[in-house]
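Engineer: Structure in structure tokens, see below.
The values are calculated or read from the model by the stated rules, or taken from the named source; none is laboratory data. Model, not experiment: these values are computed from the prediction. Please note: Cβ atoms are built from the backbone with ideal geometry, for glycine as well, and neighbour counts cover all protein chains shown.
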Amino acid sequence: MPKKPYALHVLWIGWKLVIALSFSLCLFALLRLHRYSEADLNPSSLSRRSRVLNSHFEGPPKVAFLFLTRRNLPLDFLWGSFFENADVANFSIYIHSEPGFVFDESTTRSTFFFNRHLTNSIQVGWGEASMIQAERLVLEAALEDPANQRFVFLSDSCVPLYNFSYIYRYLMASPKSFVDSFLDKKEGRYNPKMSSVIPRSKWRKGSQWISLVRSHAELVIDDEVIFPVFKKFCKRRPPIDASKGKQNIKLQKQHNCIPDEHYVQTLFAMSDLEGELERRTVTYTLWNHSTTNMERRGWHPVMFSYANAGPQQIKRIKDVNHVYYETEYRTEWCSNNSTLVPCFLFARKFSQGAAMRLLSDSVVGLFDASTLLDSPS
């Protein structure tokens with residue numbers, strides 16, 4: 001057989017190398033796609049990348065008001081008045097309500113709440129991990145806007161104690177999150193089955209009505225370690241029901257853990273972030289400490305009515321300047337930029353009648369404490 005010319009032989013070898021190289025590159029790309037496809041399809045991974053891509057913003061930072069509601073907002077008329085005096089560039093609103101509930105002209109009296117509901121909300125049960133899930137969902141939605149730099153959780157019975165301008169400057173003046181966090185020493189709340197992940201020394205308690213800076217809000221929704229432990233081991237003990245006999249006695253022996261009162265505080269303790277917190281909440285709650293039928297009813301926040309929501313009561317709340325945590329023998333003096341300030345910006349729980357009185361008596365915003373707080377730079 002005659003030999004191929006040398007030039008054709010070289011050309012043939014070159015084409016083989018090109019084909020082999022192309023095949024190798026395709027194979028490498030497929031392997032890389034397979035390796036990362038699961039992570040790429042993970043919602044939290046997508047959320048993290050989205051936040052990184054949109055991390056830069058120009059203009060004033062916003063306060064994100066995060067409402068956790070059963071259904072509607074019964075005090076929308078008061079909050080509508082509050083937001084009317086604010087620059088829309090300084091705030092945003094997000095609402096977690098029951099699935100399918102829509103905020104529009106038929107369900108709310110304030111246009112500020114139109115279409116501010118989450119479309120991916122879940123059904124929430126009191127004292128269940130679903131409350132934490134709702135908090136994480138509304139935080140995740142708010143983090144999509146890079147201008148949101150401060151995140152405030154509010155219930156459907158919360159009211160503001162000051163005008164928007166003061167609350168905005170108060171929150172923006174501090175680089176820390178406001179999270180009341182204290183060591184929970186009470187027996188029966190901590191489940192020893194958590195100990196492989198959460199040691200007893202890191203078990204914390206506090207309020208779910210907290211205010212977070214952006215980095216701490218990101219930590220909450222990115223958590224894939226502490227939250228699963230809470231879902232499995234932190235459960236509320238059901239109320240006593242004598243009709244269930246021995247079954248009820250068995251249920252009463254289980255640990256009584258309220259997830260939303262422990263989760264964020266314990267997460268931050270586990271992350272060694274307590275030094276970055278003002279370990280107090282900015283939302284006032286008056287607790288009913290009556291021992292009458294305590295085993296049956298438990299403690300509950302007092303509901304303020306029209307009769308006890310007058311100027312004197314509101315002033316007493318505004319005058320509070322320190323909080324004592326007896327489990328740690330710790331007193332938190334409320335300060336901002338080394339200046340003593342009132343502890344609370346919001347209060348709960350208020351009825352519709354109480355909210356109407358606050359408006360009619362011009363109680364909200366009546367006391368301008370701007371002279372007590374240095375303006376943020």
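Engineer: In the stretch 96-135, which residues are surrounded by fewer than 17 Cβ atoms within 10 Å (Cβ to Cβ) and among the charged types (D, E, K, R)?
Structural biologist: Of everything in the stretch 96-135, those that are surrounded by fewer than 17 Cβ atoms within 10 Å (Cβ to Cβ) and among the charged types (D, E, K, R) turn out to be 98, 104, 105, 109.
Engineer: Since residue 64 meets every condition but one in (1) of a type in the set (Gly, Ala, Ser); (2) within 25 Å of residue 234 (Cβ to Cβ); (3) surrounded by 17 or more Cβ atoms within 10 Å (Cβ to Cβ), which condition does it not meet?
Structural biologist: (2) is the only condition that residue 64 fails.
Engineer: Follow-up question, since we're still on this one. Against the condition modelled with pLDDT of 95 or more, touching a strand residue (DSSP E or B) at 6+ places or on another chain (Cβ under 9 Å) and surrounded by 12 or more Cβ atoms within 10 Å (Cβ to Cβ), how does residue 220 come out, does it pass? Reasoning before the result, please.
Structural biologist: Working: modelled with pLDDT of 95 or more: yes; touching a strand residue (DSSP E or B) at 6+ places or on another chain (Cβ under 9 Å): yes; surrounded by 12 or more Cβ atoms within 10 Å (Cβ to Cβ): yes.
Considered against the rule, which asks whether it is modelled with pLDDT of 95 or more, touching a strand residue (DSSP E or B) at 6+ places or on another chain (Cβ under 9 Å) and surrounded by 12 or more Cβ atoms within 10 Å (Cβ to Cβ), residue 220 comes out as yes.
Engineer: Related question: Using beta carbons and a limit of 6 Å, which pairs, at least six apart or on different chains, have the first residue in the stretch 156-182 and of a type in the set (D, E, K, R) and the second one not in a loop (DSSP other than H, G, I, E, B)?
Structural biologist: 176/276; 176/277; 176/278
Engineer: Here's a follow-up. Go through the stretch 189-206 and give me each residue that's surrounded by 12 or more Cβ atoms within 10 Å (Cβ to Cβ) and more than 12 Å from residue 262 (Cβ to Cβ). Working first, answer last.
Structural biologist: Let us first name the residues in the stretch 189-206 that are surrounded by 12 or more Cβ atoms within 10 Å (Cβ to Cβ), namely 189-191, 193-195, 197-200, 202-206.
If the condition is that a residue be surrounded by 12 or more Cβ atoms within 10 Å (Cβ to Cβ) and more than 12 Å from residue 262 (Cβ to Cβ), then 193, 195, 197, 199, 200 are the ones that fit.
Engineer: Can I ask one more? For the stretch 109-121, enumerate the residues that are in contact with a helix residue (DSSP H, G or I) (Cβ under 8 Å, 6 or more places away or on another chain) and farther than 16 Å from residue 155 by Cα.
Structural biologist: Result: 109, 110, 111, 112, 120.
Engineer: Of everything in the stretch 50-61 that's under 21 Å from the mean Cα position of the chain (by Cα) and at pLDDT below 95, which residue is surrounded by the most Cβ atoms within 10 Å (Cβ to Cβ)?
Structural biologist: Among those residues, the one meeting the criterion is 51.
Engineer: For the stretch 188-206: of the residues being in a loop (DSSP other than H, G, I, E, B) and in contact with a Lys or Arg (Cβ under 9 Å, 6 or more places away or on another chain), which is nearest to residue 132 (Cα to Cα)?
Structural biologist: Let us first name the residues in the stretch 188-206 that are in a loop (DSSP other than H, G, I, E, B), namely 188-191, 195-199, 203, 206.
From what is left, the residues that are in contact with a Lys or Arg (Cβ under 9 Å, 6 or more places away or on another chain) are 188-191, 203, 206.
Working: 188: 20, 189: 17, 190: 17, 191: 18, 203: 16, 206: 14 Å.
Checking each candidate, the answer is 206.
Engineer: Here is a follow-up. Do we find that residue 179 is among the aliphatic types (A, V, I, L, M), at pLDDT 95 or above and surrounded by fewer than 19 Cβ atoms within 10 Å (Cβ to Cβ) in this structure?
Structural biologist: no
Every residue, every condition in (1) within 16 Å of residue 282 (Cα to Cα); (2) crowded, with 17+ Cβ neighbours inside 10 Å; (3) not charged (D, E, K, R), yes or no:
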| residue | (1), (2), (3) |
| --- | --- |
| 323 | yes, yes, yes |
| 329 | no, no, yes |
| 333 | yes, no, yes |
| 341 | yes, yes, yes |
| 345 | yes, yes, yes |
| 349 | yes, yes, no |
| 355 | no, yes, yes |
| 362 | no, no, yes |
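Engineer: I need the full set of residues from the stretch 135-187 which are polar (S, T, N, Q) and in a loop (DSSP other than H, G, I, E, B), in order please.
Structural biologist: 157, 163, 174, 181
Engineer: Determine if the stretch 30-40 includes at least one residue that is touching a helix residue (DSSP H, G or I) at 6+ places or on another chain (Cβ under 6 Å) and at pLDDT 75 or above.
Structural biologist: Scanning the stretch 30-40 turns up no residue that is touching a helix residue (DSSP H, G or I) at 6+ places or on another chain (Cβ under 6 Å) and at pLDDT 75 or above.
Engineer: Now for a separate question. I'd like the residue in the stretch 91-134 that is assigned to a helix (DSSP H, G or I) and hydroxyl-bearing (Ser, Thr, Tyr) and, out of all such residues, is farthest from residue 163 (Cα to Cα).
Structural biologist: Among those that are assigned to a helix (DSSP H, G or I) and hydroxyl-bearing (Ser, Thr, Tyr), it is 130.
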